[in-house]
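S.K.: I am attaching a structure below and will ask some questions about it afterwards.
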């Protein structure tokens, strides 16, 4: 395995912390990300208040690094009256622009009375939103919508928790409301692997001519607690249920002090990215220790090359040792 850094931390990290918000909060982390039509970088940040519940607040920057302007009040607070599934907050959003709809799709975790569920909302401007409601049963989270249809069906990736573990599934829908054809597409590994305890999707998939790049998080349970790291896989462009190759090692893990220490130590958790005008530079926005937001940059070409050299075909798990 090569000793290669695929992601480089921004010198300004952490780029956003609770102390710079326009109102009082405990922590800010796990942002979704997109580039608006005027070139502004928008982060839809998870903010935890001092009651322990989360809401979403938009931050905008011209360069995606500093000069962030925040909405003065929560952008997307829980709407318990109309959506009781949001009783205990809304968390961990992902953003996908859907060209067919000419809208941004926000997929997020609604923390219901019976546990987390996947919920959807759409927006054109991140000022007003149309909630579509919950689309899964609990416990389910870490979901994204792909930006196009496959055989006239929308595709959603999500991570249900079952008696048999925490694995990644894909489901299909004709209308974004009713979901079926549930397919297991990616499993956590057994034994001593870095992603054996639990896996879940990170950012929306990255479309390339070679296939869809998945950045996912894997968890290892240790004597002193969990460690959240990021790994890579590549899925078929025409059939996104088929994993072509999967990296065997993690590519980004908690190393810096702000990733090692916080409300939940030893966590890097990515929900969003933007791609620079060169079409290759990847700006990865991630939550660090469930406390602040940081930025790391990478290269899509380098990721594909790394997967080609360090990946294992789907269905083949290397033995331990």
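Where a number appears in this text, it was derived from the coordinates with a stated rule and is not lab data. Predicted model, so just to flag it, every value in this text is computed and none were measured. Ideal geometry is used to build each Cβ from the backbone, glycine not excepted, and the neighbour counts take in all protein chains shown.
S.K.: Of the residues in the stretch 78-90, how many are part of a loop (DSSP other than H, G, I, E, B) and closer than 14 Å to residue 133 by Cα?
M.R.: Of the residues in the stretch 78-90, 7 are part of a loop (DSSP other than H, G, I, E, B) and closer than 14 Å to residue 133 by Cα.
S.K.: Go through the stretch 9-36 and give me each residue that's more than 22 Å from residue 141 (Cα to Cα), in contact (Cβ under 8 Å) with a residue 24 or more places away in the chain and not in a loop (DSSP other than H, G, I, E, B).
M.R.: Within the stretch 9-36, 9, 16, 18, 20, 35 qualify.
S.K.: Okay, moving on. Taking the condition in contact (Cβ under 8 Å) with a residue 12 or more places away in the chain, surrounded by fewer than 16 Cβ atoms within 10 Å (Cβ to Cβ), out of contact with any helix residue (DSSP H, G or I) (no Cβ under 8 Å at 6 or more places or on another chain) and under 23 Å from residue 200 (Cβ atoms), does residue 44 pass?
M.R.: Details: in contact (Cβ under 8 Å) with a residue 12 or more places away in the chain: yes; surrounded by fewer than 16 Cβ atoms within 10 Å (Cβ to Cβ): no; out of contact with any helix residue (DSSP H, G or I) (no Cβ under 8 Å at 6 or more places or on another chain): yes; under 23 Å from residue 200 (Cβ atoms): yes.
The answer is no for residue 44.
S.K.: Let me ask something additional. Can you tell me which residue is nearest to residue 118 (Cα to Cα) among those in the stretch 187-200 that are buried (at least 17 other Cβ atoms within 10 Å of the Cβ) and touching a residue at least 60 places away in the same chain (Cβ under 8 Å)?
M.R.: Top of the filtered list is 189.
S.K.: Can you confirm whether the stretch 229-241 contains a residue that is surrounded by fewer than 17 Cβ atoms within 10 Å (Cβ to Cβ), touching a residue at least 24 places away in the same chain (Cβ under 8 Å) and assigned to a strand (DSSP E or B)? Please lay out each step first, then the result.
M.R.: Filtering the stretch 229-241 down to residues surrounded by fewer than 17 Cβ atoms within 10 Å (Cβ to Cβ) leaves 236-239.
Okay, now just the ones that are also touching a residue at least 24 places away in the same chain (Cβ under 8 Å), so 236-239.
Now narrow it down to the ones that are assigned to a strand (DSSP E or B): none.
No: the stretch 229-241 contains no residue that is surrounded by fewer than 17 Cβ atoms within 10 Å (Cβ to Cβ), touching a residue at least 24 places away in the same chain (Cβ under 8 Å) and assigned to a strand (DSSP E or B).
S.K.: Next up: In a helix (DSSP H, G or I), free of Cβ contacts under 8 Å to residues at least 60 places away in the same chain and closer than 27 Å to residue 96 by Cα, is that true of residue 308? Can you show your working first?
M.R.: Numbers: in a helix (DSSP H, G or I): yes; free of Cβ contacts under 8 Å to residues at least 60 places away in the same chain: no; closer than 27 Å to residue 96 by Cα: yes.
Answer is no for this residue.
S.K.: Further question on the same structure: As an exercise: evaluate residue 244 against (1) in contact with a strand residue (DSSP E or B) (Cβ under 9 Å, 6 or more places away or on another chain); (2) in a loop (DSSP other than H, G, I, E, B) and give the number of the one condition it does not meet.
M.R.: Against the list (1) in contact with a strand residue (DSSP E or B) (Cβ under 9 Å, 6 or more places away or on another chain); (2) in a loop (DSSP other than H, G, I, E, B), residue 244 comes up short only on (2).
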